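K.L.:
If you scroll down you'll find the structure; I have some questions about it.
The values are calculated or read from the model by the stated rules, or taken from the named source; none is laboratory data. It should be emphasised that the depicted structure is a prediction, and the values quoted were computed from it without experimental measurement. Note: ideal-geometry Cβ built from the backbone for every residue, glycine included; neighbour counts use all protein chains shown. Remember, those area values only see protein heavy atoms, side chains included, never the ligands or the DNA or RNA. Shrake-Rupley method; radii C 1.70, N 1.55, O 1.52, S 1.80 Å.
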Amino acid sequence: MQVHSAILAPFGKDRLTILGDTPLVAETPESLLDDETTPVARFFIRNNGLLPEPAGDPDAWRFTIDGEVEQALDLTLAELKSRFPVKTYRMVLECGGNGRSFLEPTADGNPWTNGGAGCAEWTGVSLRDVLQAAGLKRTALFTGHFGADPDKNGSFEKQAMSRGVPIAKALEEHTMLVWAMNGVPLPFIHGGPLRLIVPGWPGSLSQKWLKRIWIRDREHDGPGMTGLSYRVPVHPIAPGADVSNVELRVLESMPVRSIITAPAHEARFQAGTRRITVRGAAWAGDDAVSRVDCTIDGGSTWLPAEMTPPRNRYDWVRWSATLALPGDGYYEIVARATDAQGRAQPFRAANWNPNGYGCNVMHRVAVRVGEGA
Ligand SMILES: Nc1nc2c(c(=O)[nH]1)N[C@H]1C(S)=C(S)[C@@H](COP(=O)(O)O)O[C@H]1N2
Ligand SMILES: [Mo]
């Protein structure tokens, strides 16, 4: 606890759980994701390299768009703010490995539970507007994202991470260049002064400390784009199977997920408690959440939750349900979200893959009512 607070206190995030200190990676326990909008103090951190030098004057931060464009752009943050329509959307940012720790056998990578996600208000401009100002050539097929951070050895020769998206995703209105989070200047640890937000897809696409977007005539090939990175089997494989001869695809939209944010795991209630209100959040990558259901009896019976409509596309849904308990005892509350295409969360970790992406098994919280339980 002391070590944790020493590392995280400078960022005001001392209640997060550290998964790694160099690079710094920290997740948010589900019960701390109980706010409608995730406060900066509770927002997860994922770095693949070391931190860059903080910017002096944020408005003087420069970044470029080049490659397959009619006219390369070299803009300051001040120019970006004044030249394009400014918008704010509340959107989920989720690490591609969120839920990884539930896979068996263990997959390589940070052992996220469900806390590699948060939902913040992002203010900035649509990347689309800036790309239109640069003018896309017919050969513009893919983006490549570059940040100012060195890799985990401190070297600037390669990027810590440099991923990209097909141009159609880059042209969605909600794919944004952002400089503010929850109404304050984008904090340094979240990529300030300037980052990308590519909602619905793995968080690794949302480049922090953004310096350059290279428009390419082919799929980008930076660190995080090759080999097993962000790739999953096209057809399901046995857990732990060798993938060297298996056809893989790049993980794009994240799968549907719900989390129970109250009560907390292992909460205790007074004897005689017969109603418990459960609260949570749900989201579904590119898709919408169609319903959330809860059970306290291992799935024998399900109770539909009430959902608050999302503010905009890619916002999460906040939901609640009041569960009736038949008596004192031990209960496991399980929540299950379903997306608009009818795909629900699996009851156990499915779609095993070597790097453990997209594990969206249902979230389970144990509670005890009364002394004997
Ligand atoms: N420049 C840069 N951008 C980056 C990363 C990084 O290591 N360097 N990590 C990515 C990953 S894997 C995730 S999940 C998100 C996490 O964003 P956060 O730290 O603001 O929560 O940032 C992405 N953007
Ligand atoms: Mo990530």
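K.L.:
How large is the accessible surface per residue of region 9-250, computed with a 1.4 Å probe and reported in Å² as a whole number? It would help to have the intermediate numbers written out before the result.
P.N.:
Working: 9830 Å² over 242 residues.
The answer is 41 Å² per residue.
K.L.:
At a probe size of 1.4 Å, how large is the accessible area of Y330, to the nearest 10 Å²?
P.N.:
110
K.L.:
W61's amide H: which non-local residues (gap 5+, or another chain) put their own amide H closer than 5 Å, with H modeled 1.01 Å from N in plane and none for Pro or chain starts?
P.N.:
L77, A78
K.L.:
Please express the Cα-Cα pair-distance distribution P(r) of the chain as a list of whole percents, one per 10 Å bin, running from 0 to the bin with the greatest distance.
P.N.:
Result, from short to long distances: 5, 23, 32, 25, 11, 3, 1, 0 percent.
K.L.:
A follow-up question, please. If I model a spin label at E252 and R218 as a point 7 Å from the Cα along the Cα→Cβ vector, what separation in nanometres do I get?
P.N.:
That separation, rounded to one decimal, is 2.1 nm.
K.L.:
From the convex hull of the Cα coordinates of region 130-260, what is the mean projected area in square nanometres?
P.N.:
11.1
K.L.:
What value, in deg cm²/dmol to 500, does the helix sum -39500 (n - 2.57) over DSSP H runs of n ≥ 4 give at 222 nm once divided by the residues of the chain? Walk me through the intermediate numbers first.
P.N.:
Values: 4 runs with 26 residues, N = 373.
Theoretical 222 nm ellipticity from helices: -1500 deg cm²/dmol.
K.L.:
If you plug each phi of region 237-245 into the Karplus form 6.51 cos²θ - 1.76 cosθ + 1.60 with θ = phi - 60°, what whole-Hz ³J(HN,Hα) values come out, in order, with x for Gly and Pro?
P.N.:
10, 5, x, x, 5, 6, 10, 4, 10
K.L.:
Inverting the mean 1/r over all pairs of different Cα atoms, compute the Kirkwood radius of region 53-206 and quote it in Å. Provide the component values of the computation, followed by the final result.
P.N.:
Values: mean 1/r = 0.0601 Å⁻¹.
Across region 53-206, the inverse of the average 1/r is 16.6 Å.
K.L.:
Under 8 Å for C-alpha pairs, at least 6 residues apart: give me the relative contact order for region 9-250, rounded to a whole percent. Provide the component values of the computation, followed by the final result.
P.N.:
Details: 539 pairs, mean separation 51.2, N = 242.
Relative contact order of region 9-250: 21 percent.
K.L.:
Follow-up. L251's amide H: which non-local residues (gap 5+, or another chain) put their own amide H closer than 5 Å, with H modeled 1.01 Å from N in plane and none for Pro or chain starts?
P.N.:
Answer set, sorted by chain and number: R231, V232.
K.L.:
If you don't mind, there's one more thing I want to ask. What number results when the radius of gyration of region 147-206, computed over Cα atoms, is divided by 2.2 N^0.38 Å? Can you show the working numbers first?
P.N.:
On the way: Rg = 12.7 Å, N = 60, 2.2 N^0.38 = 10.4 Å.
So region 147-206 has a normalised radius of gyration of 1.22.
K.L.:
Grab the beta carbon distance between D21 and E53, set R0 = 25 Å, and tell me the FRET efficiency rounded to 0.05. Working shown, then result.
P.N.:
Details: r = 20 Å, r/R0 = 0.79.
After rounding, the FRET efficiency stands at 0.80.
K.L.:
For region 321-373, with every protein chain kept in place, what is the accessible area per residue (1.4 Å probe, Å²)?
P.N.:
Values: 2300 Å² over 53 residues.
That works out to 43 Å² per residue.
K.L.:
What's the carbon and sulfur percent of region 9-250's accessible surface, probe 1.4 angstrom, rounded to a whole number? Before the final figure, lay out the partial values.
P.N.:
Numbers: 4880 of 9830 Å².
On region 9-250, the fraction of accessible area on carbon and sulfur atoms equals 50 percent.
K.L.:
A further question follows. If you average the C-alpha positions of region 281-351 and of region 137-180 separately, how far apart do those two centres end up, in angstrom?
P.N.:
33
K.L.:
Okay, moving on. Report Rg(Cα)/(2.2 N^0.38 Å) for region 257-369, keeping two decimals. Before the final figure, lay out the partial values.
P.N.:
Numbers: Rg = 14.5 Å, N = 113, 2.2 N^0.38 = 13.3 Å.
Compared with the compact-globule rule of thumb, region 257-369 sits at 1.10.
K.L.:
Right, here's the next one. Could you tell me the calculated FRET efficiency between A241 and R268, based on Cβ-Cβ distance and R0 = 35 angstrom, to the nearest 0.05?
P.N.:
0.25
K.L.:
Compare G135, G272, G118 in a GNM of the chain, Cα atoms joined below 10 Å, and give the one with the largest fluctuation.
P.N.:
With Cα springs under 10 Å in the chain, the top fluctuation among G135, G272, G118 is at G272.
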